[in-house]
1. Can you pull the percent of Cα pairs in the range 79-326 with separation above 28 Å?
2. At Leu61 and Asp293, where each label point lies 7 Å from the Cα along Cα→Cβ, what is the point-to-point distance in nanometres?
3. Helix 309-319: angle to the longest alpha-carbon principal axis of the chain, degrees 0 to 90, nearest 10?
4. Give me a comma-separated list of calculated 3J(HN,Hα) values for the range 168-183, in order, Karplus coefficients 6.51, -1.76, 1.60 applied at θ = phi - 60°, integers in Hz, x for any Gly or Pro.
5. Roughly what % antiparallel, to the nearest 5, for the DSSP beta bridges in the chain?
6. Considering all projection directions equally, how large on average is the shadow of the alpha-carbon convex hull of the range 261-338, in square nanometres?
7. Once amide H atoms are built 1.01 Å from N in the peptide plane, which residues 5 or more positions from Glu166, or in another chain, come under 5 Å H to H?
8. Just the number, please: Stokes-Einstein D of the range 135-220 in µm²/s, Kirkwood Rh from C-alpha pairs, 25 °C, 0.890 mPa s.
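The values are calculated or read from the model by the stated rules, or taken from the named source; none is laboratory data. Just so it is clear, the structure is predicted and the values come from calculations on it, not from any experiment. Here Cβ is always computed from backbone atoms with ideal geometry, including for glycine, and neighbour counts include all displayed protein chains. Please note that ligands, DNA and RNA were not included when accessible areas were found on the heavy atoms of the full protein model with its side chains. Shrake-Rupley method; radii C 1.70, N 1.55, O 1.52, S 1.80 Å.
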Amino acid sequence: MEFTRKNRQLLSRIATNDRHGENSPYFDGWKAYDSSPFHPIHNPDGVIQMGLAENPLSFDLIEKWIRENPDASICTAEGLDKFKHIAIYQDYHGLREFREAVAKFMGRVGGNRVTFDPNSIVMSGGATGANETVIFCLADPGDAFLVPSPYYAGFARDLRWRTGVEIVPVHCKSSNNFRITRAALEEAYEKAQRSNINIKGVIITNPSNPLGTVLDKETLRSIVSFVTDKNIHLVSDEIYAATVFSSPRFISVAEVMQDMDCNRDLIHIVYSLSKDMGFPGFRVGIVYSFNDDVTNCARKMSSFGLVSSQTQFLLASMLSDDEFVGNFLRESSKRLAKRHHVFTKGLEEVGISTIKSNAGLFFWMDMRQLLKEQTTKAETELWRVIINKVKLNVSPGSSFQCSEPGWFRVCFANMDDKTVEVALDRIREFVLQGKEETKLEADKSQAQAQRWRKQNLRLSFSSSRLYDESLMSPHMISPHSPIPHSPLVRART
């Protein structure tokens, strides 16, 4: 956001600082979509939104439940008698039945291997507010958190903007599918220590955003051991817990710590209904800490971002319906699996691979072979082509602090089936066109090489010197001869 010097004098440093992250390609892609959104009839050449992790695939099930349970809303004739009790000021602890329903739902998502205490449920305005609340409770301006990369692009805003806290990326590699290792954590921690950066904790997303993978028990135990040894906090963002659509299953950090000798006061969970139920507009965020002091502090801060009592009332009824919840979770999983398969299979047909994933509303697409060179600059150039020419809003890996250029996050659940086909057709056309250009360039380069060899062959016979026949082998090419490189595609290095 641009401010004149005069306006900067009138506004606070927090309001005007550039730590929001809104100038990244992640948000620029949204702006490109907003300026020309795809519509099959009114704007068929518009930008298709594939940068937004929304989950409306099972809205029909929710709409059916609402029609069958009109008394769950105070805005219907059947629920109107509750209006005067819900519309007035409520305790900022939240409605008791809402906290009980959310705690039960969190346990069910984790396979009922953990029981969550309703008294430790703290409300916030979505996961954005919940993450910021946790940071305010745990750290001071200038402190830092280790965050394994690639990580959610919005963390720059959620964790840093108003808190003054820093993020120290823990660089993970594609060679092991970006797994979080103890060695990588140690390296990042020691580097921060040498730079006099005070590390207050580690923040993970499980399932991962943007990878769409779940953390296994061994990795989670390693992370818990690390924070225990360093006496720093662990915040586990588990807002995609119920989006797992195939094995391996989701494992909460709450489950892992049960049989570990660790400091429970250092463990905190952020949860939300934005992804698992598809309710980002309801702004339901949850802070769940195993530290009573953090819970009490977070509850006081929650006054600035409570969930409306009307929303609490509706969701308390919905999430308490065991039959509905069970059916919803099963059907949502099936639909996510189907959509994921359609997208990734379509990409495989044109030679585009993805990290093997089984959760989330997105996948991590490998476009490294389409880069002119293996640099962030080349990644940005490719992203601009995809946004401006192919008209797809996919998010480049640099937005997620990925240390390897050429990876893109692609959201697959926020559109209907027909839009999916349009998106896949655009990708196919783009990739096939690139391959055709590569082939033409290769043929052109090969022809140039053949002409060069013929010319030198004639020169050699006209010379008085005799050359070893092997030097004129057709397999020998001068280091100065043209190499088949497409302007769009180059081989990996």
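1. 30
2. So the two model labels end up 4.2 nm from each other.
3. 80
4. 10, x, 9, 6, 9, 10, 5, 4, 10, 6, 6, 5, 7, 10, 4, 4
5. 50
6. Over every viewing direction, the Cα hull of the range 261-338 projects on average to 7.3 nm².
7. Long-range HN contacts for Glu166: Gly142, Asp143, Ala144, Phe145.
8. 183
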